[in-house]
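Input: a single structure, listed below in structure tokens.
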Amino acid sequence: MARQQGWFALILALAIAAGAVLASFPLQLGLDLRGGSQLTLQVLPAGAIKQVKGEQLEAVKDVLDRRINGLGVAESTLQSVGDDQLVLQLPGEQDPSRAAKVLGTTALLEFRAQKPGTEEEMTGLLKLKRQAVAVLNQSRAQQAAGDQQPEIKTEELAKALDQLGVKVPPGSSETDQLELLLAEVNQRIVALYEPPQLTGKDLTSAGRQQQQTGSGWDVTLAFTSEGGRKFAELTQGIAGTGRLLGIVLDGRSISEASVGPEFKPAGITGGAASITGNFSAEEARDLEVQLRGGSLPLPVKVIEQRTIGATLGAENVQRSLSAGLFGLALVAVFMVVMYRLPGFVAVVALALYALFNLALYALIPVTLTLPGIAGFILSIGIAVDANVLIFERVKEELRRGNSLIRSIDAGFSLAFSSILDGHVTGLISCAALFALGTGLVKGFALTLGIGLVLSLFTALSCTRTLLRLLMGYSGLRRPTFFLPAAQLPGSAS
Amino acid sequence: MTASTPAPQMAASAMAEPRFRITRIRRQGWLVSGLAVLLSLVGMALCWSNPRIAAPLRPGLDFTGGTQLQIERSCTGADCAALTADAVQQRLADISLPPVAGAEPPRLSSARVQVLDGGRSLELRLPDLEPEQTQALIDGLTPLIGAVNPAQLSVNTIGPSLGGQLLRSSAVSLLVSFALIAAYISFRYDGIYAGLALLCLAHDVLITCGVFAWLGLLRGVEVDSLFAVALITVAGYSVNDTVVVFDRIREQRREYRELGLSDQVDLAVDATLTRSLYTSFTTLLPLIALLLFGGGSLFWFAVALTVGIGVGSWSSIGIAPTLLPLLARR
């Protein structure tokens, strides 16, 4: 009896502790339950690196971490998966396409001087670029206002495209054609530059400021002392020559600046510069974030994007919760009807089991996702099975004419080996799934595995302790509380 | 606390005559299972030979890659009902997506459109889209479908490489767990038992796949990574259920040495029958609740588990124990 009371005190203490854990640590819900976005980024090998390894992944992750912090997204997490993937979670309603854009670009900034003797070609290209940008901006503004597409001079566009030898896919709209034209022009401009003399590595910080004239934004840069020296040299070289200073980001020409003759003696000194790209406030902010975070050592590609709206997430929670509760209620009714007193004890033990499970989810912490909840529901099935195995054995022993206490003890010890084997095989597959599986499978394996371990504990200790404790009351020590009278050996014959 | 209680002689002789002898109907049982497996293989073969599926099961987005878009409209009643899938399809053909990173935007003519909930929501299956292209697509649809509630939006984009990777990792983890389970059973019981448990497992998994092959053929049901999770669970349940019967057979063999193996098997199955039925019933209860309330992505997951657990219970009663005398004789 004393032993039972000790166990009972332990179970009670655990139950209180579990309640306290649940009250102080909230359960973590996955994005499919709370709404939000998940992006999976694949790090691609480039240049001399043929295969992405842990080190390179870490380097990319560092840069992305800085960029995410720069974006100021609340509660986001960035985790590496395997050798070459990163998973970014953005809870709540945030804009995944913007995040993907900011994270996905390499942000390799280069300052390059124009090659001598290319002035004429550059002038033509810049004129074309200015026209294309003006029409595109106008078209976007009108589209945003819900107006009709602006008139694009089709003939001129076709002529320009033809001149540059751009192949236009059939059926593409005029806006698409303009973008293709712009991409080609930018590429040709980049081809007119010397190799880079100064890169984003020479930056100490980046900022942004609104233009004094016009509504656009500029991105400001501050160089290291070495960078400042290089920048002065670079600008000195082209000052007053009419050649341009190109600012190239990820191979795209984003700005072309002329350097006046007054800088001929010493170049632009002071270690600072600004990029006047006529950016929108958001573009300027994103560029600032990318430049501050540094350039990615390797390119990344978004290979998976999952977005689920907040209400849809809440609906998922509600549905799986009602399924879980309804299923549990049915199981409870079934157990009490079929097994009487021990059935009732099992229901109490199962309620404890569910409580312990949730407390562990909060403590570890386990992020609950839909498959995770499914794993939890299934583990309840297995926990019930352990009780069914035991009570069937108790019933058998009673039918054989054994005394009640003996039958209960025998029931537990005889059922033990099959409960153990069943749980161990279950745990083996959970371990394999957790170690080798991905995302969804992992979450499922984790909740099922936790459930299996706890089920071993509750079936073998909670049910047993509670049952033995109740047997201390003589009023409850009646075989008919365990088995219908007709099945007992005495009355059956 | 004494562990096992030797049964009194009188009770033992009563127990030695089972109420129900599984081995008497073993041929019928094998026939039913054999036919079910055959039908499953036929279903998978038909799927495979269907040029539009070309795989044993109709693969979903998770395995093929692409973008799945679920949109809920902010319309009411009759306004919603006016929308047809054809109209959406036509509108899609007019939308031009922005190119990303110099790559040509994918054609939208291959999109599959489903109008759900009486026009209130839309489900689109599209080629692999970049995030900004998805936004452009939604913007392009707005004139036709009206405003969209972002809190009800669901977008899934899976690159094709990820699908293959998912499939591979699921298959590898499944095979590794089979091997480990077989090793454990061989260690606790015997090689024959391990072989039979794996046979049952193959039987259960095959039939579950077969049901979904036919569902894919007849109803267009696709399998996703949740289905892979369901198969893994079925495998785990199958072994768990079989092991309980094996444990009882081993016990009967010790208790009733004088009986033949067939009789021992009959006794063991008879003794565990109530438990087997109750257990599958209590496991199925939450699943049935999931079927009723789960909805969406959880519905077919619950179907797969329900089928698999039903078949798993049958195989642990009617296949594994009845094949044991046949194999142990050699």
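The values are calculated or read from the model by the stated rules, or taken from the named source; none is laboratory data. Because the structure is a prediction, the values reported are computed rather than measured. Counting neighbours? That spans all protein chains shown, and the Cβs are built from the backbone with ideal geometry, glycine included. What goes into the accessible areas is simple: the full protein's heavy atoms, side chains included, and nothing from ligands, DNA or RNA. Shrake-Rupley method; radii C 1.70, N 1.55, O 1.52, S 1.80 Å.
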Problem - Ranked packing of A:43-51, A:23-31, most packed first, by mean Cβ within 10 Å - result: A:23-31, A:43-51
Exercise for the section: With +1 on each Lys and Arg Cβ and -1 on each Asp and Glu Cβ, and nothing else charged, work out how big the dipole of chain A is about its Cα centre, in Debye to the nearest 20. Expected result: 2200 debye
Completion exercise
Over all Cα pairs of chain B, the Kirkwood radius sets Rh, and Rg/Rh then becomes 1.12
Problem - FRET efficiency estimate (nearest 0.05) - Cβ-Cβ, A:Leu27 to A:Val336, R0 41 angstrom - result: 0.90
Fill in the blank from the handout: To the nearest 20 debye, the protein assembly as shown has a Cα-centred charge dipole, built from +1 on Lys and Arg Cβ and -1 on Asp and Glu Cβ, of 3240 debye
Fill in the blank from the handout: Of every hundred units of 1.4 Å-probe accessible area on the protein assembly as shown, the number belonging to carbon and sulfur atoms, as a percent, is 59 percent
Fill in the blank from the handout: When A and B pair up, the total accessible heavy-atom area removed from solvent (1.4 Å probe), in Å² to nearest 100, is 6800 Å²
Practice task
Compare the peptides A:75-85, B:230-240 by average per-residue count of other Cβ atoms within 10 angstrom and give them in order, highest first.
Solution key: B:230-240, A:75-85
Practice task
Apply 1/(1 + (r/R0)^6) to the Cβ-Cβ distance of A:Phe8 and B:Leu144, taking R0 = 51 Å, and write down the FRET efficiency to the nearest 0.05.
Solution key: 0.20
Practice task
Round to the nearest 10 and give me the degree value, 0 to 90, for the angle of helix B:191-219's Cα axis relative to the longest principal axis of chain B.
Solution key: 30 degrees
Handout entry: Debye, to nearest 20: dipole size of segment B:102-221, +1 on Lys, Arg Cβ, -1 on Asp, Glu Cβ
Key = 300 debye
Completion exercise
Contact-by-burial set, segment A:433-448, min loss 30 Å², accessible area of protein heavy atoms with 1.4 Å probe, reference chain alone, gives A:Leu433, A:Leu436, A:Thr438, A:Leu440, A:Val441, A:Phe444
Fill in the blank from the handout: Across A:411-422, the residue-averaged tally of Cβ atoms belonging to other chains within 10 Å stands at 5
Problem - Part-to-part distance (alpha-carbon centres) for segment A:314-367 and segment B:48-77, which is given in Å - result: 34 Å
Practice task
Just tell me how shielded A:470-483 is by partners: mean number of partner chain Cβ atoms within 10 Å of each residue's Cβ, no decimals.
Solution key: 0
Problem - Cβ neighbours within 10 Å from other chains - mean over A:364-375 - result: 3
Problem - Heavy-atom accessible area ranking, 1.4 Å probe, most first, across A:Val166, A:Val336 - result: A:Val336, A:Val166
Exercise for the section: For n ≥ 4 DSSP H runs only, could you compute -39500 (n - 2.57) per run for the protein assembly as shown, divide by its residues and tell me the 222 nm figure to the nearest 500? Expected result: -21000 deg cm²/dmol
Exercise for the section: Kindly flag which residue pairs out of A:Lys101/A:Lys127; A:Lys115/A:Lys201; A:Lys61/A:Lys201; A:Lys230/A:Lys264; A:Lys53/A:Lys101; A:Lys50/A:Lys101 have an alpha-carbon separation exceeding 19 Å in this structure. Expected result: A:Lys101/A:Lys127; A:Lys115/A:Lys201; A:Lys53/A:Lys101; A:Lys50/A:Lys101
Fill in the blank from the handout: Rounded to the nearest 10 Å², the 1.4 Å probe accessible area of A:Phe457 is 60 Å²
Practice task
Kindly report, to the nearest 10 Å², the accessible surface of A:Glu282 as traced by a 1.4 Å probe over protein heavy atoms only.
Solution key: 110 Å²
Handout entry: At R0 = 41 Å, FRET efficiency that the Cβ-Cβ distance of B:Asn50 and A:Ser280 yields, to 0.05
Key = 0.25
Fill in the blank from the handout: Taking Cα atoms only, helix B:225-255 is inclined relative to the longest principal axis of chain B by an angle, in degrees rounded to 10, of 0 degrees
Exercise for the section: Compute the length gained on full extension between A:Ser417 and A:Glu226: take 0.36 nm times their separation in residues and subtract their Cα-Cα distance, giving the result in nm to one decimal. Expected result: 61.4 nm
Handout entry: GNM result for chain B, Cα springs below 10 Å: residue of B:Gly191, B:Gly65, B:Gly260 fluctuating most strongly
Key = B:Gly260
Problem - Folded to 0 to 90 degrees: helix A:119-144 orientation relative to chain A principal axis, Cα - result: 50 degrees
Handout entry: Charge dipole (chain A, unit charges on Cβ, about Cα centre) - positive-most of A:Val424, A:Ala310, A:Ser320
Key = A:Val424
